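Peer 1: Okay, here's the structure, questions in a sec.
The values are calculated or read from the model by the stated rules, or taken from the named source; none is laboratory data. Just so you know, these numbers come straight off a predicted model, no measurement behind them. Using ideal geometry, Cβ is built from the backbone for each residue, glycine included, and neighbour counts are taken over all protein chains shown.
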Amino acid sequence: MLYAGLGALPGLGAWLWYNAIRYGSPFTLGYTLDRDGTLGFSTPLATGLHGLLFSSGKSVFLYIPLLFLSVTRLRPFLRAHRRESPVVFVPALLTLGVISCWWCWSGDWAWGPRLLAPIFPMLLLPLMETDGNSPRQKWSLRVLAGLGFAIQLAGTLLHESVFIGYVSNRFAYFYRQGPTPGGIRDDLLIHHFVPEFNPIVVQLWFLLSMLLGNQWAQSHYPWKSLNLPWLAPKGNVRPNELNFWFKGGPGHWVALGLLAAATVLSALRLRRSLAAPTAPTASAASISCPPHELH
């Protein structure tokens, strides 16, 4: 932990220097305007943790399904990496706690719990202890990785404002700058905690509407089970176009090509690593010395 702290000093110094140049003080973070300044870290810890871990709209497990498998490999990882584990998980848990208390713990407007993105690699490290000889674990890894890729692809193909804006227009009472008259500070409450408005499902509904047509979309919307006629889609709900996040210039195509190549190479590497059998670990009790070395 001491060496980890020393290693963080250069980054911490650069961060404080940046704050001093931009905001006039090393300890001014730039989050002083509007609700950042008035609400700050005012969310109860339990509320933020529930939202980031278990809510129907922002649970990190929904957007990174591999975390389900990572949790099952946590104990083997802790046994195999006792010295390294605190360096990995202490910063991750502290980050989770701090973000949970931020007034906008969800990181909206955004796709998924974006404020936790820096710790996603740490949370997935227990996958290192996946048993390559276990067909069940190998297939779980493949299925969950593919599902996670599909979820992120759905979030990329349409801008999040399509979904958030569509739902917000139907629940205008909740969407104000600051607390509502009822004291509700979460202005995306419906998106976060009502399962029928799960962003992933609604995003897929929008994408399918582009393929199957507006009539299909009006009769197969995800929140139909709520049986609220005033929430039924009316008019054209199909998005006008997909969002590829670039305008098609040469540099953008190069970046897109590199991203596609990296994705393919990562998938091939994952497949190769899963196909390779894991060598059994020899225990000390199973190692015997030749007779001529006993003396």
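Peer 1: Does the range 191-230 hold any residues that are hydrophobic (A, V, I, L, M, F, W, C), surrounded by fewer than 16 Cβ atoms within 10 Å (Cβ to Cβ) and more than 27 Å from Val60 (Cα to Cα), and which are they?
Peer 2: Leu211, Leu212, Trp216, Leu228, Trp230
Peer 1: Which of the following residues is surrounded by 14 or more Cβ atoms within 10 Å (Cβ to Cβ), in contact with a Pro (Cβ under 6 Å, 6 or more places away or on another chain) and within 17 Å of Pro65 (Cβ to Cβ): Leu116, Leu127, Leu123, Leu144?
Peer 2: Being surrounded by 14 or more Cβ atoms within 10 Å (Cβ to Cβ), in contact with a Pro (Cβ under 6 Å, 6 or more places away or on another chain) and within 17 Å of Pro65 (Cβ to Cβ) holds for just one of Leu116, Leu127, Leu123, Leu144, which is Leu144.
Peer 1: Hey, another quick one. Within the range 209-226, track down each residue that is part of a helix (DSSP H, G or I), touching a residue at least 12 places away in the same chain (Cβ under 8 Å) and either closer than 18 Å to Ala154 by Cβ or out of contact with any Asp or Glu (no Cβ under 9 Å at 6 or more places or on another chain) (or both).
Peer 2: Ser209, Met210, Asn214, Ala217, Gln218, Pro222, Trp223
Peer 1: Going by the structure shown, is Gly51 in a helix (DSSP H, G or I) and in the same structural domain as Arg114 (by TED's automatic domain parsing)?
Peer 2: yes
Peer 1: Hey, among the residues in the range 156-190 that are at pLDDT 80 or above and of a type in the set (Ser, Thr, Tyr), which one's nearest to Trp105 (Cα to Cα)?
Peer 2: Among those that are at pLDDT 80 or above and of a type in the set (Ser, Thr, Tyr), it is Ser161.
Peer 1: Determine which member of the set Thr95, Thr130 is free of Cβ contacts under 8 Å to residues at least 40 places away in the same chain and more than 12 Å from the chain's Cα centre (by Cα).
Peer 2: Thr95
Peer 1: Exactly one condition in (1) outside the structural domain of Lys58 (by TED's automatic domain parsing); (2) at pLDDT 80 or above; (3) surrounded by 14 or more Cβ atoms within 10 Å (Cβ to Cβ); (4) not polar (S, T, N, Q) is not met by Leu153; state its number.
Peer 2: So Leu153 meets the others, but not (3).
Peer 1: When the residues of the range 14-30 are filtered to those that are among the small types (Gly, Ala, Ser) and within 28 Å of the chain's Cα centre (by Cα), which remaining residue is farthest from Val87 (Cα to Cα)?
Peer 2: Gly30
Peer 1: Let me ask something else. Take the conditions in a loop (DSSP other than H, G, I, E, B), modelled with pLDDT of 80 or more and under 26 Å from the mean Cα position of the chain (by Cα) and apply them to Pro233. Does it pass?
Peer 2: no
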